[in-house]
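The values are calculated or read from the model by the stated rules, or taken from the named source; none is laboratory data. Quick caveat: nothing in here was measured; it's all calculated off a predicted structure. As a convention, Cβ positions derive from the backbone with ideal geometry for all residues, glycine included, and neighbour counts pool all protein chains shown. The accessibility values were calculated without ligands, DNA or RNA, using every heavy atom of the protein model including side chains. Shrake-Rupley method; radii C 1.70, N 1.55, O 1.52, S 1.80 Å.
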Amino acid sequence: MDKLFIEGGKSLNGSVKISGAKNAALPLMAATLLAPGKHVLRNVPDLRDTRTLLKVMEELGATSERNGDVLTIDATHVNNYEASYELVRTMRASVLVLGPLVARLGRARVSRPGGCAIGDRPINLHVMGLEQLGATCIQESGYVDVKVDGRLTGNTIHFDLPSVTGTENLLMAAVLASGTTILKNAAKEPEIGNLVDMLLGMGAKIEGRDTDELIIHGVEELSPADCAIIPDRIEAGTYLIAIAATGGAGTVTNCIPEHLPALLNKLRATGLIIDEDENSISVSYPEGKGVADLQCIDIQTMPYPGYATDLQAQFMALMSLATGSAVIDETIFENRFMHVAELERMNAIIKIKGSTAVVTGKGEDGLVGAPVMATDLRASSSLVIAGLAATGKTEIRRIYHLERGYEKLVDKLTGLGAKVWKESS
Ligand code: EPZ
C-alpha cells in the first residue's frame, strides 16, 4: 500500500514537460492488432495502464519491446482471440482489443469490464455497433463473445451518445470491413484524431477526422504503423491547475494548447493569466494577486470540445481555494464525485445534489493537510492538488490509481519545487 506524502504551502514554479497521452496510447496500441508485422509507436507513456494493455496483447500473441518512449509491437503471431477477466478487470480500456480482434481474426472473446468507481460504464454501444457490422455477439458468464464469418460488412451506425472508446472500437473494426461504414454522432476527442492518423498511415481509408461523422471505406489489409502519440491534454491540464492552486507561475511544455479550449477559457475566467505558445501553455497571476483572489467559476462537463470530465475533480480542488461559489455539473459519469468527501477532510466546503456539486471557496482560510484516500485516477490527482496548496502535511493512500495515468509524477512535481515523496509499506 504505497502512500504519497505532500508538505503543502510551497508555490510551484518553473516548467514541466508533458508525456504522451494515456487515452491515445491505449487505442493506438490496440490498433496494432489489425496488421501483422512490427509497428513502431513513439512518445508512449510508461504507465500502469499501458503496461497492463501490453500484458493483454501478449496474451493474444503479440510481442513488444520498449526503448525509452518508443514501443515496438510485433503483431505477426496474434492468434488468440480471448482477453481474460484477470487482466481486463484491472483496466476497463482493455475492451479496445474487441474491434481489432474481430476485424483481424473474425472472433473476439473479451471479459466484460464491469463497472468502476465513477460509474456503471456499460459497453452496449460497442456491441450494438459490431452487430450492425454483421457480427453475432453473445454475452454470457461475464464475457462478450463476438463472431463473424468472413469479413465484417460496412453499415451506418448512429451512436446514442458520443462514446470515446465506442467510436475507437468501431473505427478499428470498420477499417477492414467490406464496404463503407458511417459512424454518426461519433466522439471527436483529439485522441480519436490520433487514431485516425495512425490508421491512415497503415493504409486505411477514412474521412471526417475531427468531426462527429466518420466515413470508413473498408480495405482488404493494412500495413504496420509508425506513429507518434499526441501529448496528454489531461496531464497538461492537471499541472496547470496544480501550479495555479499553489499561487505559482509556470509553463507546461510539449503540449497542444488547441486541445484544451474549455479549460483555458475557464482558467482565464477565474482571473488567471494564460499564455499559449505553439506547444506550451503558461499560467500566472496578475501582480499582487494570489489563489484566494481567484473567482469561483461554474463548469459543466461535456464531450469534446466541451469541458473534459477528466479535469472536473482537479478544477473542483482549485475552486475550493478561490472566492465565491462554483456550480460543477458532471454530465458524463453518474458517480464522479468520490473526491468530494476526501476534499472535505481537508476543510473544503462542497455540497452535492445528484450530478451537481456546489463548492464554496475558502479564500484566505485555504485548506488543511490530512490523510486521504484515492478512489480513482482523476479524483486522486485532485487530492494531490489540494495537498500541494494546503497548509501542513497530506498523506494519500491507494496511489496505484495515480500511477495508472501520471508518468513520473513525483519527479515532475519536485522539478516544480514541490515537497512530495512516496513511501512503500
Ligand atoms: C473514455 O472512456 C476515457 N478513457 C475516459 O478517461 C474519459 O473519462 C471518457 O472517455 C469520457 O471522456 C479512455 O479513453 C481509455 P465513454 P470511455 O464511452 O470511452 C456511456 C481517464 O480518467 N456509455 O465516452 O469508457 C458511459 O457510461 C478515463 O483517463 C454507454 O452508456 O467513456 C458514460 O456515461 C476515465 N454505453 C458515457 O457514455 C457504452 O457502450 C461516456 O462514456 C459506452 C459508453
Connecting every pair of Cα atoms under 10 Å apart in the chain and solving the GNM, the largest mean-square fluctuation among Arg151, Arg233, Arg121 falls on Arg121
Kirkwood radius from Cα pairs of the stretch 258-368 plugged into Stokes-Einstein at 20 °C, 1.002 mPa s, gives D in µm²/s equal to 149 µm²/s
For the chain the mean separation of alpha carbon contacts under 8 Å (6+ apart) over residue count, i.e. relative contact order in percent, is 21 percent
Ranking Gly218, Trp421, Thr32 by how far each Cα lies towards the positive end of the charge dipole of the chain (+1 on Lys and Arg Cβ, -1 on Asp and Glu Cβ), the top one is Trp421
Projected onto their principal axes, the Cα atoms of the chain stretch, largest extent first, over whole-Å spans of 66, 44, 39
Expressed in angstrom, Rg and Dmax over the Cα atoms of the stretch 238-282 are 9.6, 25
Whole-percent carbon and sulfur contribution to the accessible surface of the stretch 106-241 (1.4 Å, no ligands, DNA or RNA) stands at 48 percent
The size of the Cβ-based charge dipole (Lys, Arg +1; Asp, Glu -1) of the chain about the Cα centre, to the nearest 20 debye, is 760 debye
For the table Lys3/Lys266; Lys289/Lys419; Lys17/Lys393, the rows whose alpha-carbon distance is greater than 30 Å are Lys3/Lys266
Carbon/sulfur accessible area of the stretch 261-402, % of total, 1.4 Å probe, equals 50 percent
Using alpha carbon centers only, the stretch 351-372 is separated from the stretch 38-105 by a whole-angstrom value of 39 Å
Compactness check, the stretch 337-419: C-alpha Rg relative to the 2.2 N^0.38 Å globular estimate gives 1.10
Regression test value, accessible area per residue of the stretch 16-143, probe 1.4 Å, units Å², expected 38 Å²
For the stretch 268-351 the GluC sites (Glu not before Pro) that pass both the DSSP coil test and the at-most-12 other-Cβ-within-10 Å test are Glu278, Glu287
Taking the alpha-carbon centre of each part, the distance from the stretch 119-149 to the stretch 384-425 in Å is 39 Å
GNM of the chain, Cα pairs under 10 angstrom: of Leu161, Leu130, Leu240, the biggest fluctuation goes to Leu161
Candidates Leu170, Leu343, Leu222; GNM for the chain (alpha-carbon contacts under 10 Å) flags as most fluctuating Leu222
Rounded to the nearest 5, the percent of antiparallel DSSP beta bridges in the chain equals 70 percent
Semi-axes a, b, c in Å (a largest) for the stretch 21-86, each sqrt of 5 times a Cα gyration tensor eigenvalue, come to 18, 14, 10
per DSSP, antiparallel bridges as share of beta bridges in the stretch 283-377, % nearest 5, sits at 70 percent
With every protein chain kept in place and a 1.4 Å probe, the stretch 269-390 has an accessible area per residue in Å² of 38 Å²
In Å, the C-alpha Rg and Dmax of the stretch 145-256 are 17.5, 60
